[in-house]
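Taking it in order: structure first as C-alpha cells, then the write-up.
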2 protein chains.
Amino acid sequence: MIDVAFLGTLVRPADTAVVIDVLRATSTITLALASGYERVLVAGSIEQARALRADDRVLAGEVRCARAPGFDLGNSPEETLEPRGSELVLATTNGAPAIIAAAQVAGEVLAASLLNLEAVAARIGGGDVLLVCAGTDGHVSIEDVYLAGRLSALLDGERSDGAQIAEAVAAAYPTAQEALEASRGAIGLRREGLEADIAFCAQESIVDAVPRLARTADGVAVLEPAGAPAAASHSQPSM
Amino acid sequence: MIDVAFLGTLVRPADTAVVIDVLRATSTITLALASGYERVLVAGSIEQARALRADDRVLAGEVRCARAPGFDLGNSPEETLEPRGSELVLATTNGAPAIIAAAQVAGEVLAASLLNLEAVAARIGGGDVLLVCAGTDGHVSIEDVYLAGRLSALLDGERSDGAQIAEAVAAAYPTAQEALEASRGAIGLRREGLEADIAFCAQESIVDAVPRLARTADGVAVLEPAGAPAAASHSQPSM
C-alpha cells in the first residue's frame with residue numbers, strides 16, 4: 001500500500017517512510033549529501049544544533065528564514081553546494097520531528113525532495129510505503145503534498161485515499177514551481193528575499209543522492225547517502 | 001481564512017467549524033433533519049447510543065456497515081426519510097469525535113454533506129472557517145476532502161494550503177459520485193451490498209436543512225436544524 005501522512009505528527013508504522021519537507025529541509029539535506037557532505041545531522045532547534053558544534057561540522061539553521069546568529073549557513077540548499085566540512089548540522093523545526101517520528105516506526109527512512117525525485121522513487125522497494133509530509137508548524141503544506149503525489153505516481157502498488165488525494169494535487173499544477181509558488185511557505189521566503197530558493201527547490205531530479213536515516217541519538221537524526229538497497233549490497237558487495 | 005482539517009483529530013479553534021463525514025454520518029444527519037426529525041443525538045459508539053434509548057427516540061447505528069443488533073435503523077441516509085419518532089440517535093465512530101472535538105474550540109459547529117452543500121455554504125458567515133474532514137479510523141478520506149474542496153470553492157476569503165489542496169481534489173473528479181466511488185469507504189459499502197448509499201450521498205443540494213450543534217453532554221452531540229444566522233434571529237424574532 002502507498003499511503004500519505006499529511007503531517008509529521010500523523011506518522012504510522014510502515015516498511016519505508018519517505019520524509020518530505022520541500023521548502024526547505026529535505027531539499028537542503030539532499031543537496032548537501034549530493035555535494036559531498038558525508039552526513040547531515042538534523043536537529044529540531046537552533047539550540048540543539050548549536051550544542052552539536054565541533055571541528056569539521058558546519059552549522060546551518062534559520063530563524064524566520066534568515067541565518068541563525070553564529071551559524072555558518074542559513075537553510076538555503078544552494079549554500080551547501082561547496083562543503084566546508086564533512087558533516088552538516090541542520091536545524092529545522094518541521095523536518096526534524098517528522099524524521100525522528102518516522103525513525104521510531106519505519107523499517108527504512110528516506111528523505112525526498114524534487115531535486116532527487118526519480119532517485120528516491122527508484123530506491124523505494126515494495127511493501128508498505130508511507131510518504132510523510134512534514135508540513136509547517138502543524139499546517140499541511142501544498143508543496144509537500146505535491147511531491148508526495150509526484151512520488152506516488154511513480155510507484156507501483158495499491159493507493160490509499162491519501163495517496164489518491166496527493167496525486168490529484170500533483171496533477172493540479174502544470175509545473176513544480178507553480179505548486180511551490182502557491183504555498184504559504186513561498187510567501188514567507190519571498191518576504192525574506194529568498195525567492196531564489198523556491199526556484200531552486202522546484203528543480204526536478206538534478207541529483208542522484210538519496211538521504212537515508214542511519215541512526216538517531218538524543219533527538220538528532222543522522223542521514224547518510226543510501227547505497228544500493230540493503231538486500232543487494234549485502235548479497236553482492238563487490239558490485 | 002478558509003482552512004481544512006484533514007482528520008477530526010486535527011481540529012483547531014475557529015469561528016465556524018463544518019464537520020464532514022460524507023459516507024455516511026453527516027449525510028444521514030442532514031437527511032434526518034430535512035425529513036422532520038427535531039434533532040439528532042450523535043453518539044460515538046453503539047453502546048453509548050443504546051444507553052440513550054427512550055420513548056420517541058429512534059436508534060440508528062452500524063456494525064461494519066450493517067444495522068447494529070437491536071437498533072431500529074442502520075446508517076443509510078434513506079432510512080431516515082420517514083421519521084419514526086422526534087429524535088434520531090445516531091452511533092457513528094468517526095463523525096461523533098470530530099463533532100465533539102469541534103464543539104470544544106469553535107464558535108459554531110455545522111454538519112455538511114453533498115445533500116445540503118449549497119445551504120451550508122450560504123449559512124457560513126465570514127471569519128475563520130475550518131472545514132473538518134472526519135476521515136475513517138484515522139485515515140484521510142477522499143470523499144470528505146472532496147466535499148471540503150467543493151465548499152471552499154463556494155466561499156469568499158483567503159485560502160490556506162489545506163483549502164487549496166481540497167479544491168484541487170474537488171476539481172480532479174468530474175462528478176461527486178466519481179469522487180465517492182474512488183474512496184476506500186465505497187469499497188466497504190459495496191462489499192456489504194450498500195452501493196445505493198454511495199449514489200444517494202452523491203446527490204448535491206437536494207435539501208436546505210443545515211444541522212447545527214446545539215449542545216454536547218457526556219460526549220453526545222445534539223444537532224438541530226439551523227435557523228437564520230444567530231444575529232438575525234435575535235434581532236428579528238418574528239421573522
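I'd like the full set of residues that are surrounded by fewer than 21 Cβ atoms within 10 Å (Cβ to Cβ) and within 14 Å of another protein chain (Cβ to nearest Cβ), limited to region A:1-55. Hits for region A:1-55 are A:Met1, A:Thr9, A:Arg12, A:Pro13. All of (1) over 20 Å from A:Tyr146 (Cβ atoms); (2) hydroxyl-bearing (Ser, Thr, Tyr); (3) in contact with a helix residue (DSSP H, G or I) (Cβ under 6 Å, 6 or more places away or on another chain) hold for A:Tyr37 with one exception: (3). When region B:184-205 is limited to residues that are more than 17 Å from the chain's Cα centre (by Cα) and not aliphatic (A, V, I, L, M), the one that is farthest from the other protein chains (Cβ to nearest Cβ) turns out to be B:Gly193. Scanning region A:183-225 for residues that are touching a helix residue (DSSP H, G or I) at 6+ places or on another chain (Cβ under 7 Å), surrounded by fewer than 20 Cβ atoms within 10 Å (Cβ to Cβ) and in a loop (DSSP other than H, G, I, E, B) yields a count of 7. Pairs linking a residue in region A:67-83 that is β-branched (Val, Ile, Thr) to a residue that is open to solvent by 10 Å² or more (accessible area, probe 1.4 Å), with Cβ atoms under 7 Å and 6 or more positions apart or on different chains, are A:Thr80/A:Ser35. Kindly check whether there is at least one residue in region B:121-135 that is more than 13 Å from chain A (Cβ to nearest Cβ), open to solvent by 10 Å² or more (accessible area, probe 1.4 Å), farther than 26 Å from B:Val222 by Cα and in contact (Cβ under 8 Å) with a residue 12 or more places away in the chain. Checked region B:121-135: no residue is more than 13 Å from chain A (Cβ to nearest Cβ), open to solvent by 10 Å² or more (accessible area, probe 1.4 Å), farther than 26 Å from B:Val222 by Cα and in contact (Cβ under 8 Å) with a residue 12 or more places away in the chain. Restricting attention to region A:155-177 and to residues that are part of a loop (DSSP other than H, G, I, E, B) and either open to solvent by less than 60 Å² (accessible area, probe 1.4 Å) or more than 18 Å from A:Val120 (Cβ to Cβ) (or both), the residue that is farthest from the other protein chains (Cβ to nearest Cβ) turns out to be A:Leu155.
Looking at this structure, is B:Ala101 surrounded by fewer than 24 Cβ atoms within 10 Å (Cβ to Cβ), more than 23 Å from B:Asp197 (Cα to Cα) and out of contact with any strand residue (DSSP E or B) (no Cβ under 9 Å at 6 or more places or on another chain)? Criteria not met by B:Ala101. All conditions but one from (1) of a type outside the set (A, V, I, L, M, F, W, C); (2) closer than 30 Å to B:Leu10 by Cα; (3) surrounded by fewer than 24 Cβ atoms within 10 Å (Cβ to Cβ) apply to A:Asp72; the one that does not is (2).
The values are calculated or read from the model by the stated rules, or taken from the named source; none is laboratory data. No experiment lies behind these values; they were computed from the predicted model shown. Using ideal geometry, Cβ is built from the backbone for each residue, glycine included, and neighbour counts are taken over all protein chains shown. The protein model used for the area step is the full one, side chains on, heavy atoms only, and it has no ligands, DNA or RNA in it. Shrake-Rupley method; radii C 1.70, N 1.55, O 1.52, S 1.80 Å.
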